[in-house]
Amino acid sequence: MGNDIVIRDAQEKDLAAVIKIDADISIADYGSTVDKKAYWRDIFDYYVLRDKDKRVFLVAEDAGEVAGFIVGEARAWEFGSPLCGWVFAVEVSPGKRTHGVGQLLFKEISERLRLMGVSTIRTMVEIDKKVTLSFYRSQGMRTGRHIELEMQI
Amino acid sequence: MKLNKASLFALIAVLELASDPKQQKSTTDIADKYGVSTHHLAKIMRNLVHNGLVQAVRGVGGGYTFSGNAKRTTLLDVVLMFETLESVLDIPNDCITDGRPLVAELQAITNEIDNLTKVVLETITLETACKSAMQRSMASAASARGDRE
């Protein structure tokens, strides 16, 4: 599994690859062509370029190309929770799936967050995203102590 | 949520076989290990064979082997072979004229619960369940060793 894959911190030069992977997945999995360049630019500013003390943005490089990425951070007292790790994006290029890329990314971010003093990792996934939900479960995640509620207004 | 016996026995049998796909096990092997009815399990095994999840091995020492795709098959796939997981409110028809909004609200709540149940079962593959069970087994063994030391 993933012998030639290198996991490293994202750099400014990776932004285009991240945008492309996200766009490819949006089209392939959800048929969406929404332009999210500005969103990823902001995320890069916050997670890659600024102080990264409690933030992690990792990319998986396979044969010199970015094959996937994962983003998260350690935060305390959000929703009343003591310090915990939040993983809010993990994406693997459709052509690189089932090679263990996501697993390597998740393992590395878990370790980084653990070193920040985190003992619990959380995420939130849309109920219809079964592939992503299955991935997180395969990594050992289960329904947690927080329940997401919503209403139309 | 309470799974019916057929779903539960089917999950046990499929996970037991999927945890070691090369090994064949008889209905009696599985029934004895989990304390379930051999007769009931035999009927379930026929259903699982029909659905392609297990294969019958004939002859002396025959039994069943796992023949599905553990990475693609979810717990919900197995459960839906035996039940629908749709909660039904058992309310007599002649009572609901004035109580329709309340009954509709109760039905909406049970639907919400059903949907959550289905999502959980649908996002756990047989492979993931087997892996988690193996980790439990290893943790339990490590704990037992720790107790002895």
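The values are calculated or read from the model by the stated rules, or taken from the named source; none is laboratory data. Everything numeric here is computed off the predicted structure, so don't read it as measured data. Cβ placement follows ideal geometry from the backbone for every residue including glycine, while neighbour counts extend to all protein chains displayed. Surface areas here come from the heavy atoms of the whole protein model, side chains and all, with no ligands, DNA or RNA. Shrake-Rupley method; radii C 1.70, N 1.55, O 1.52, S 1.80 Å.
If you roll a 1.4 Å probe over the heavy atoms of the protein chains, what accessible area per residue do you get for the stretch A:61-145, in Å²?
I get 54 Å² per residue for the stretch A:61-145.
Order A:Met151, B:Met81, B:Met138 by their accessible area, 1.4 angstrom probe, all chains in place, largest first.
A:Met151, B:Met138, B:Met81
Cα extents of the stretch B:1-74 along the three principal axes, largest first, in whole Å?
38, 29, 20
On the full set of protein chains, 1.4 Å probe, figure out the accessible area of B:Ile12 and give it in Å² to the nearest 10.
We get 40 Å² for B:Ile12.
With a cap of 10 neighbouring Cβ atoms within 10 Å, and only residues DSSP puts in a loop, list the chymotrypsin sites (Phe, Trp or Tyr not before Pro) found in the stretch A:3-79.
Numbers: sites: A:Tyr30, A:Tyr39, A:Trp40, A:Phe44, A:Tyr46, A:Tyr47, A:Phe57, A:Phe69, A:Trp77, A:Phe79; in loops: A:Trp77.
Sparse-neighbourhood loop chymotrypsin sites (Phe, Trp or Tyr not before Pro): A:Trp77.
Under a straight-distance cross-link criterion of Cα-Cα below 12 Å, which aspartates and glutamates are reachable from B:Lys131, leaving out those fewer than 8 residues away in the same chain?
B:Glu16, B:Asp20
Given a 1.4 Å probe, show me the residues in the stretch B:109-149 buried by at least 50 Å² of accessible surface when comparing the whole protein assembly to the chain alone.
B:Val119, B:Thr123, B:Thr128
How many Å² of accessible surface get buried when A and B come together, counting both sides, probe radius 1.4 Å, rounded to the nearest 100?
On the way: alone 9650 and 9900 Å², together 18660 Å².
Chains A and B together bury roughly 900 Å² of accessible area.
So what are the stretch B:87-149's ellipsoid semi-axes, whole angstrom, largest first, if each one is the square root of 5 times an eigenvalue of the alpha-carbon gyration tensor?
46, 14, 8
Select from the stretch A:111-153 all residues whose loss of accessible area on going from the chain by itself to the full protein assembly reaches 20 Å² or more (probe 1.4 Å).
Residues shielded by partner chains are A:Ile127, A:Lys130, A:Leu133, A:Ser134, A:Arg137, A:Ser138, A:Arg142.
For the protein assembly as shown, give the percent of accessible area contributed by carbon and sulfur heavy atoms, probe 1.4 Å, rounded to a whole number.
53 percent
Starting from the stretch B:1-75, pick out the trypsin sites (Lys or Arg not before Pro) whose DSSP state is loop and whose Cβ has at most 13 other Cβ atoms within 10 Å.
B:Lys2, B:Lys22, B:Arg58, B:Lys71, B:Arg72
Please list the three semi-axes, largest first and in whole Å, of the ellipsoid equivalent to chain A, using sqrt of 5 times the eigenvalues of its alpha carbon gyration tensor.
On the way: eigenvalues 103, 74, 58 Å².
Each semi-axis is √(5λ); the values are 23, 19, 17 Å.
With a 10 Å cut-off between alpha carbons and a GNM built on chain B, which of B:Ser137, B:Ser26, B:Ser37 moves the most?
B:Ser137
Beyond 27 Å between alpha-carbons counts as too far, so tell me which of B:Lys5/B:Lys25; A:Lys129/B:Lys33; A:Lys37/B:Lys71; B:Lys33/B:Lys71; A:Lys129/B:Lys25; A:Lys107/B:Lys33 fall in that bin.
A:Lys129/B:Lys33; A:Lys37/B:Lys71; A:Lys129/B:Lys25; A:Lys107/B:Lys33
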